[in-house]
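The next block holds one structure in the form of structure tokens; read it before the comments.
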Amino acid sequence: MTYDLAILGGGPAGVAAGVYASRKRIKTIFITRDWQGQSTVSEGIENWIGTPKISGADFAKSLENHLRTYAGDMVSINEDESVTKLSKNTDGVFLIETNKGLYTAKAVLIATGSKRRKLEVSGAQKFEHKGITYCASCDGPMFSDMDVVVIGGGNSAFESAAQLLAYCKSVTILHRSAEFRADEKTVEKVLLNPKMHALRNVQVEEIKGDKFVSGLVYKDKDTGEKKEIAVSGIFVEIGSVPTTEFTKGLIELTENGHIKTDPRTQSTTTPGIWAAGDCTDGLYHQNNIAAGDAVKALEDIYIHLHTK
Ligand code: NDP
């Protein structure tokens, strides 16, 4: 059978879309590898509106539970399944190929999220969650009164540094280039704080420690000199990699692989395909925004299916 809609991805965007699709009685196939948005690794999410604090694992369970409660006979849930290719056949129906099968749908919502770009230097893997973290708002308070570094030079790095200044003894930004990528005003404001330091044109080479991080070795690219600083926490903010490879050639992506969307409707450059959440080129990526974007898309998809 050809479904009205295929929802790809089981984070907050995909699940919000699934709940709305069921309520709007849109015959839907929901395909997800798992129920985690990026927050599953969080110790505690404190900004999911309506819930003062929830662990990442419980957040994933509550998303799954919400969709299963209302899926009824409208939303078929296929979990443990990854989309490998999305294409369009000659009569305008979309073909969704996965590691388990092939499905067809009249409309598609892509909500496959993104993965954080990982630090790939000696010791980085060993000390992940043992001093190396990818989330200042989740883990910042654990580093109260300690010296920490933030690796990266974009807006995320500076926003993380700004958050950490509230708790930490000192925050040092380590950036691989001479120029920061973050907005000039943000850089200026953050660097004004006397607890804040910045090292530019440096290459992180090694993370040191015993059970937990105790230091970091970097190379000064101007002089070639290797130096070590003592730190307890390392916050990595070196961008993210959207999960969009399977769309290549079908929809327009930014140079970083994010899906170009119309922010009013979440439609993509290909009629019949919408996208929501971290896989899109939306300026801000948050759980609440992902869910809201998906609801916006569902409103538009409903109109599309009933007026075409
Ligand atoms: P960006 O891609 O903007 O920046 C990533 C930074 O990490 C760059 O400075 C880059 O260095 C560095 N980097 C990349 N790969 C590596 C690596 N392997 N090792 C070391 N450093 C590396 O990502 P962000 O997450 O900061 O931002 C993503 C988007 O979201 C941007 O468009 C940003 O403006 C936006 N954003 C906006 C906010 C706001 O407006 N409030 C808040 C947060 C994000 P280099 O410069 O040398 O390439």
Qualifying residue in region 188-200 (condition: touching a helix residue (DSSP H, G or I) at 6+ places or on another chain (Cβ under 7 Å), in a strand (DSSP E or B) and more than 17 Å from L119 (Cα to Cα)): yes
Total residues in region 217-274, condition among the hydroxyl-bearing types (S, T, Y), in a loop (DSSP other than H, G, I, E, B) and in contact with a Phe, Trp or Tyr (Cβ under 8 Å, 6 or more places away or on another chain): 4
Matching residues, region 162-176, being modelled with pLDDT of 95 or more and either acidic (D, E) or not in a loop (DSSP other than H, G, I, E, B) (or both): L164, S170, V171, T172, I173, L174
Filter result for the condition that a residue is surrounded by fewer than 22 Cβ atoms within 10 Å (Cβ to Cβ), over 25 Å from the mean Cα position of the chain (by Cα) and over 18 Å from I229 (Cβ atoms), over A162, A198, A178: A178
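Being surrounded by 14 or more Cβ atoms within 10 Å (Cβ to Cβ) and either over 21 Å from the mean Cα position of the chain (by Cα) or modelled with pLDDT under 95 (or both) is the filter; apply it to region 227-236 and report the residue that is farthest from the ligand (Cβ to nearest atom). Walk me through how you get there before you give the answer.
Residues of region 227-236 that are surrounded by 14 or more Cβ atoms within 10 Å (Cβ to Cβ), as a first pass: 229, 231-236.
Checking the rest, the ones that are also either over 21 Å from the mean Cα position of the chain (by Cα) or modelled with pLDDT under 95 (or both) come to 229, 231-233.
Working: I229: 16, V231: 16, S232: 20, G233: 17 Å.
Among those residues, the one meeting the criterion is S232.
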All positions within region 100-123 that are closer than 14 Å to T243 by Cβ, away from the ligand (no atom under 16 Å from the Cβ) and assigned to a loop (DSSP other than H, G, I, E, B): A111, T112
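Taking E179 as the residue in question, decide whether it is of a type outside the set (F, W, Y), away from the ligand (no atom under 11 Å from the Cβ), modelled with pLDDT of 95 or more and more than 22 Å from G140 (Cα to Cα). Break it down stepwise before answering.
Details: of a type outside the set (F, W, Y): yes; away from the ligand (no atom under 11 Å from the Cβ): no; modelled with pLDDT of 95 or more: yes; more than 22 Å from G140 (Cα to Cα): yes.
Criteria not met by E179.
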Given (1) surrounded by 15 or more Cβ atoms within 10 Å (Cβ to Cβ); (2) within 12 Å of the ligand (Cβ to nearest atom); (3) within 23 Å of D281 (Cα to Cα), number of the condition T244 does not satisfy: (2)
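Which residue, of G239, G215, G224, is surrounded by 14 or more Cβ atoms within 10 Å (Cβ to Cβ), more than 26 Å from L5 (Cβ to Cβ) and away from the ligand (no atom under 14 Å from the Cβ)?
Details: G239 fails: away from the ligand (no atom under 14 Å from the Cβ); G224 fails: surrounded by 14 or more Cβ atoms within 10 Å (Cβ to Cβ).
Answer to the selection: G215.
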Qualifying position, being more than 8 Å from the ligand (Cβ to nearest atom), surrounded by fewer than 16 Cβ atoms within 10 Å (Cβ to Cβ), in contact (Cβ under 8 Å) with a residue 40 or more places away in the chain and of a type in the set (D, E, K, R), among K169, K126: K126
T265 away from the ligand (no atom under 14 Å from the Cβ) and on the phi < 0 side of the Ramachandran plot: yes
Residue in region 84-95 that is within 11 Å of F30 (Cα to Cα) and not hydroxyl-bearing (S, T, Y) present: no
Cβ pairs under 6 Å, 6+ apart, first in region 231-243 and closer than 15 Å to N256 by Cα, second away from the ligand (no atom under 12 Å from the Cβ) and assigned to a strand (DSSP E or B): V241/K115
Among (1) modelled with pLDDT under 95; (2) more than 14 Å from the ligand (Cβ to nearest atom), the one test that G154 misses: (2)
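Here is a list: K126, K130, K61. Which entry is assigned to a loop (DSSP other than H, G, I, E, B), of a type in the set (K, R), in contact with a Phe, Trp or Tyr (Cβ under 9 Å, 6 or more places away or on another chain) and closer than 30 Å to S156 by Cα? Spell out the reasoning first.
Working: K126 fails: in contact with a Phe, Trp or Tyr (Cβ under 9 Å, 6 or more places away or on another chain); K61 fails: assigned to a loop (DSSP other than H, G, I, E, B).
Just one listed residue meets the conditions, K130.
The values are calculated or read from the model by the stated rules, or taken from the named source; none is laboratory data. Here the structure is a predicted model, which is why all the values come from computation and not from measurement. Using ideal geometry, Cβ is built from the backbone for each residue, glycine included, and neighbour counts are taken over all protein chains shown.
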